[in-house]
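This report refers to the structure that appears directly beneath it.
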Amino acid sequence: MDFERPPVYFDIETGPLPRAEVETFLPEFEKPKNYKDEAKIAEALAKKESEWFKKAALAATTGKVLAVGYCTDENDITVLEGEEASILTAFWNAVTYRGAFLQKLVGFNSNSFDIPFLVRRSWKLGVSVPKSLFKVSYGRVRLNANCIDMLDFWSFGTRDSIKLRDLAKFLGVGEKTGDGADFSGLYESDGKSAIDYLRNDVLLTMRCARAIQLTK
């Protein structure tokens, strides 16, 4: 059956794995060379370690998928939560048809972060990844052309970058309601507010993509 499905606008939220699972990836931090006092050295090392753990959610080796939001229409946003393997399975099933990667996946910084994170966590958990997600060209592995990252279009191949918050303001399509760095903590304390934040990010992603004429 050959037909074109509507684009899927999506965003993911991640959180750190339990400390016991990520300590093996903990680097050996260098002591400040100009410190002599052992207490101050210990304090400096503890600060470096704390900062490292704060970023654990950004790597597939030390973080996990907490939720995925997606939509094809702003009135029908789906949010996947629960056991991580189930989230991943449900998402890949939602964007494929009989194993074929058909729909356009539209995100923000998605080709550099969201999709690689989803794929790597899928590998870790033994979740099947659509093979048509990848293509090999001149010995290099690339993502399918259906993976559309708005940040790539904004930069025009340069180092010019922008945050989703600022892009949405620039285009006049809405505002962010929080910060992704706070998601895991908010998700634990107030799950509804965290999911509302994710829903809004999905909505902004869709509106921005349409405003820059990537989709209709």
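The values are calculated or read from the model by the stated rules, or taken from the named source; none is laboratory data. Keep in mind it's a predicted model, so treat the numbers as computed, not measured. Reconstructed Cβ throughout: ideal geometry from the backbone, glycine too, with neighbour counts over all protein chains shown. All accessible areas refer to the heavy atoms of the entire protein, side chains included, with ligands and DNA or RNA removed. Shrake-Rupley method; radii C 1.70, N 1.55, O 1.52, S 1.80 Å.
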Using only alpha carbon pairs under 8 Å that are at least six residues apart, calculate the relative contact order of the range 1-96 and give it in whole percent.
36
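Under the classification rounded if a/c is under 1.5, otherwise prolate if a/b is larger than b/c and oblate if not, where does the range 120-178 fall, given a ≥ b ≥ c as square roots of the Cα gyration tensor eigenvalues?
Cα axes put the range 120-178 in the oblate bin.
Scanning the chain for GluC sites (Glu not before Pro) in DSSP loops with at most 16 other Cβ atoms within 10 Å, what's the longest stretch left with none?
On the way: sites that count: 4, 28, 30, 74, 83, 175.
Answer from the scan: 84-174.
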Give me the percent of accessible area attributable to carbon and sulfur for the range 72-190, probe 1.4 angstrom.
48
Most fluctuating residue given options 170, 29, 108, as computed from a GNM of the chain linking Cα atoms under 10 Å:
29
Taking a ≥ b ≥ c as the square roots of the eigenvalues of the Cα gyration tensor of the range 87-216, is the shape rounded (a/c under 1.5), prolate (a/b larger than b/c) or oblate?
oblate
Quote the relative contact order of the chain in percent (integer), defining contacts as alpha-carbon pairs under 8 Å separated by 6+ residues.
25
Could you name the lysines in cross-link range of residue 36, using Cα to Cα under 21 Å and dropping any fewer than eight places away on the same chain?
47, 48
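Using +1 on the beta carbon of Lys and Arg, -1 on that of Asp and Glu, and nothing else charged, what's the dipole of the range 67-216 about the Cα centre, debye to 20? Could you put the intermediate results ahead of the total?
On the way: 19 positive and 18 negative charges, 173 e Å.
With Lys and Arg at +1 and Asp and Glu at -1, about 840 debye.
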Please determine, in degrees from 0 to 90 and to the nearest 10, the orientation of helix 115-125 with respect to the longest principal axis defined by the Cα atoms of the chain, where the helix direction is its Cα long axis.
70
To the nearest 10 degrees, how steeply does helix 191-211 sit against the main Cα axis of the chain, on a 0 to 90 scale?
50
Give me the accessible area per residue for the range 1-143, probe 1.4 Å, as a whole number in Å².
60
Go ahead and set up a Gaussian network model of the chain, Cα springs under 10 Å, then flag whichever of 145, 168, 59 fluctuates most.
145
The chain, Gaussian network, Cα under 10 Å: of 128, 155, 193, the residue fluctuating most is 155
Tell me which lysines have Cα within less than 18 Å of residue 54's Cα, excluding those fewer than 8 residues away on the same chain?
64
Above-threshold pairs, the threshold being 22 Å between Cα atoms, out of 169/216; 163/192; 55/135; 104/135; 104/124
163/192; 55/135; 104/124
